[in-house]
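Here the structure comes first, spelled out in structure tokens, and everything after it is commentary.
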Amino acid sequence: MTVATVVPAQGSPPAKPENVAGAAPEAGLTSAEARTRLEKSGPNAMPDTSMHSLRAAIDKFWAPIPWMLEAAIVLQLVLGKYLESAIIAGLLAFNAALGLFQESRAQATLAALKSRLALNASVRRDGAWKTAPAAELVIGDVVKLSLGGVVPADVHLISGEILLDQSMLTGESAPIEAGAGVQTYAGALIRRGEAVADVTATGAGTKFGRTAELVRTAHVVSSQQRAVLRVVRNLAMFNGVVIVGLVAYALVLKLPFGEIIPLVLTAVLASIPVALPATFTLASAIGARALAKLGVLSTRLSAVDEAASMAVLCADKTGTLTQNALTVTSVRPLTGFDEAHVLALAALASSDGGEDPVDAAVRKAAAAKAVSDAPRLTKFIAFDPATKMSEATAIDGSGTSQRIVKGAFAVILGLASPAPAAAAAANDLEGQGLRVLAVAAGPASAMKLIGLIALSDPPRKDSAALISELHDLGVRAVMVTGDAPATAAIVAKAVGLDGPLCPPGPIPETVHAEQFAVYAGVLPEDKFKLVKAFQKGGQTVGMCGDGANDAPALRQAQMGIAVSTATDVAKSAAGMVLTEPGLAGIVAAVKEGRKTFQRILSYTLNSITKKTVQVLFLGVGLIMTGQAVLTPLLMVLIMITGDFLGMALTTDNVRPSPSPNTWKIGNLTIAGVIMGLGELAFCTAILAFGAYRMGWKIDALRTLAFVAIVFGNQATTYTNRERRHLWSSRPSTWLITSSIADLLIASTLAVTGLAMAPLPVWTVAAVLAAAAAFAVILDFVKVPAFRRLKII
């Protein structure tokens, strides 16, 4: 979507900064004024910089594979074969159109998914805080910047203090402290604190707008793509050696130069898996669309591939294993205080209008037991994961200033005077599986503990079953939480995470996933260390996260998963985002990823098989006949009918792998070569029949070679697609349809003599029957070979 460059709104001026810390923020804009400004300035979004459709179409003709087809056209024209050159030109255009169609569908899918991940902002409209899409912000809006968020536009801070990470925008490695009067820019990450700011620029008018968009949408090539491309590279090297041998033998035979050039061109075309890039894109897009229906959004298509290889899942407790429905279930006031006043003071140290579920639960409980003599808030410092607490400064009715802190019991206990009864009460509450917060208040130098607040977040009903299902899929789940060990252990037992609890303290660098089932009291930076430690053991790691400080761990993990309540930063760092709480989305991602893996594996096996047989068959044909048994035109026809119709494998009915997938490149190549040599024997037998039994001339033999290759490719497609016997599962409707189309096209061309010499109908039918018998015979060779090579 293209948007115009933002210009300063010409209506009412932006709200003036309010520099008094803790003062009430300005009312912001009215909804009507915001709508008016939005109409003038356009959405707070970046202009569409995607490639123009005409440029994309031209690029389809300017790449190594199209160059070879274009060279074939030129050579055919030079040799005076105008009909052949016209057919190849038509197929080249078809190739480009098909590639454009598949890529546009994939990009549309990804764009639709990302639109559902659009950033939100806390904005003050009509005098109240509201959550609105960041794209609807306008100059003059008053916004709240909270821990874990992304600065949604260029803003001027009015009040509060935050720690800003602008490294991805400016290159500055150290975060900066920012308070009232500081200007910051769209895309910066909020690492600590909370502040109120007014918007000074939006969309294309922001200083680092384009950079921020690049940061948000960055992605990497998947490990599966790298693995398969290595297979193709190795195959190209092998075929290159064969081509050199072909040329040498042709020179020995003293073939005319005019015959050697088409032979070489045919061999080169035979060795290239022309549809491989489009197949990757299509398979991943189909997987992403399937996951979206199940509430899992892929931020990049390669994430679907990565889910297939995940062997360890670091599962967040809150919202993933539990219901994320935090409620205050118990308040234990200490001497001199009652429940209402403990909640009132705790509410002052809780964010208003933010997205922290703990603060929201505390404020809701305090509102239900309101007191009339609550102190007046003058300063608020939002929760910081590093210190595990939030705090406020307030003035009571007598004008005395007091400090109020709320957070983890052990942390708050260290800031207040000793309270022996509190420790026993905290242990009792944690033993019930409750999350315990401590509240302390008083003069900054002499605070005392005033009470404990216990919150409940019961396990989800489906967590135990889903943990068991992950285990059956070969994925080991471990709990990683910042909660107290006692609380974490109770939840872990309830959801079926059996195993020891990691001792408190730093995460060991040599820890293995099998050692512990629960990691409690974990700081955000420890999650990063834990992921790296698991990876050192050679395992593919999935990581659940929800906060800004989880972003490094989400990036480090091969499969970063942002839970449904995640902050914008976590969503930006993750490869997948869950739209529903719980593990169901993760289980679905694993299964769908493994289905995608199986489809890509089948196509890769097919590519190795076909490219092996086609190049070697040219050599066998040259030895048997002394001439090229396939022409560039026939090879292009084989590429279109074989490679592109073979893309239907991306829709095939497959079973998810029973364990995490890994690319065994050596075994995969051996399996493909075995199948290719089997097909080579079939094609050689058919050619020998035509050459020695029937005594056909070269033109008829070329047609026979074409039919043998096409029918043989179909036979190996059905043996390769199923790891068991080929009749063990039903192919997809699209695959069956593509096979019928392939056979009809090849048979019609061969019988009618279009672009080749005609063959008798009985010959084509006999080759088809022989191919069916060959498939069954080869299948009995395949099953033990695949089992031995562990192709599952």
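Worth a mention:
- Normalised per residue, the volume of the convex hull around the Cα set of the range 619-737 (Å³): 128 Å³
- Under the Debye formula (equal points on every Cα, no solvent term), log10 I(q)/I(0) of the range 436-546 at q = 0.17 Å⁻¹: -0.88
- Taking every protein chain into account, the accessible area of the chain amounts to 41 square angstrom per residue (probe 1.4 Å).
- Distance between the modelled labels on Lys461 and Val781, one decimal in nanometres: 5.6 nm (7 Å Cα→Cβ projection).
- Solvent-accessible surface (1.4 angstrom probe) belonging to Arg724, in square angstrom, nearest 10: 130 Å²
- Charge sum, other residues only, whose C-beta stays under 14 Å from Leu38's C-beta, Lys/Arg counted +1 and Asp/Glu -1: 0
- The distance from the alpha carbon centre of the range 442-513 to that of the range 626-674 is 46 Å, rounded to a whole number.
- Of the three principal axes defined by the Cα atoms of the range 252-364, the extents in descending order read 108, 28, 24 Å.
- Cβ-Cβ FRET estimate between Thr131 and Ala56, R0 fixed at 35 Å, reported to 0.05: 0.40
- The chain, relative contact order in percent, only Cα pairs under 8 angstrom and at least six apart counted: 12 percent
- Computing FRET efficiency as 1/(1 + (r/R0)^6) for Met237 and Ala681, where r is the C-beta to C-beta distance and R0 is 25 Å, gives about 0.60.
- Dividing the Cα radius of gyration of the chain by 2.2 N^0.38 Å, with N the residue count, gives 1.19.
- When both bridge partners sit in the range 413-544, DSSP labels roughly 65% of those beta bridges antiparallel.
- Each label point was placed 7 Å from the Cα along the Cα-to-Cβ direction; for His512 and Lys536 their separation is 1.4 nm.
- One way to sum up the overall shape of the range 565-611 is the equivalent ellipsoid from its Cα gyration tensor, whose semi-axes run 33, 13, 4 Å, largest first.
- Geometric extent, Cα atoms of the range 511-669 - Rg, Dmax (angstrom): 22.9, 76
- Whole-percent pair-distance distribution, where bins are 5 Å wide, for the alpha carbons of the range 291-434: 2, 7, 13, 18, 18, 12, 8, 6, 6, 5, 3, 1, 0
- Using alpha carbons only, the radius of gyration of the range 526-607 set against its Kirkwood radius gives Rg/Rh = 1.06.
- Using R0 = 45 Å, the C-beta based FRET efficiency linking Asn653 and Arg226 works out to 0.95.
- With one equal scatterer per alpha carbon and no solvent term, the Debye-computed log10 I(q)/I(0) for the range 734-792 at 0.13, 0.15, 0.21, 0.23 1/Å reads -0.51, -0.62, -0.87, -0.93.
- Size estimate for the range 677-757 follows the Kirkwood approach: the inverse of mean 1/r over distinct Cα pairs works out to 13.9 Å.
- Pairs spanning more than 20 Å between alpha-carbon atoms, out of Lys610/Lys782; Lys81/Lys611; Lys144/Lys379; Lys317/Lys571; Lys317/Lys388; Lys406/Lys571: Lys81/Lys611; Lys406/Lys571.
- Its alpha carbons considered, the range 344-402 gives a radius of gyration followed by a Dmax of 11.7, 34 Å.
- Here the accessible area of the chain is 63 percent carbon and sulfur, with a 1.4 angstrom probe and all protein chains present.
- Equivalent ellipsoid semi-axes, the range 256-309, via Cα gyration tensor eigenvalues times 5, rooted, Å: 41, 9, 6
- Extension gain for Glu177-Glu70 works out to 32.6 nm (0.36 nm per residue, less the C-alpha to C-alpha distance).
- Within straight-line cross-link reach of Lys790, aspartates and glutamates at Cα separation under 18 Å, skipping those fewer than 8 residues along the same chain: Glu722, Asp779
- Label-point separation, Asp699 to Leu163 (7 Å along Cα→Cβ), nm: 8.1 nm
- Protection proxy ranking for 177-189, 776-788, using the average of other Cβ atoms within 10 Å per residue and placing the highest first: 177-189, 776-788.
- Taking only the C-alpha atoms of the range 592-643, Rg followed by Dmax gives 14.7, 50 Å.
The values are calculated or read from the model by the stated rules, or taken from the named source; none is laboratory data. Since we're looking at a predicted model, the values are computed, not measured. Cβ sites come from the backbone with ideal geometry, for glycine too, and all protein chains shown count toward neighbours. Protein only, heavy atoms only, side chains kept; ligands, DNA and RNA dropped before computing areas. Shrake-Rupley method; radii C 1.70, N 1.55, O 1.52, S 1.80 Å.
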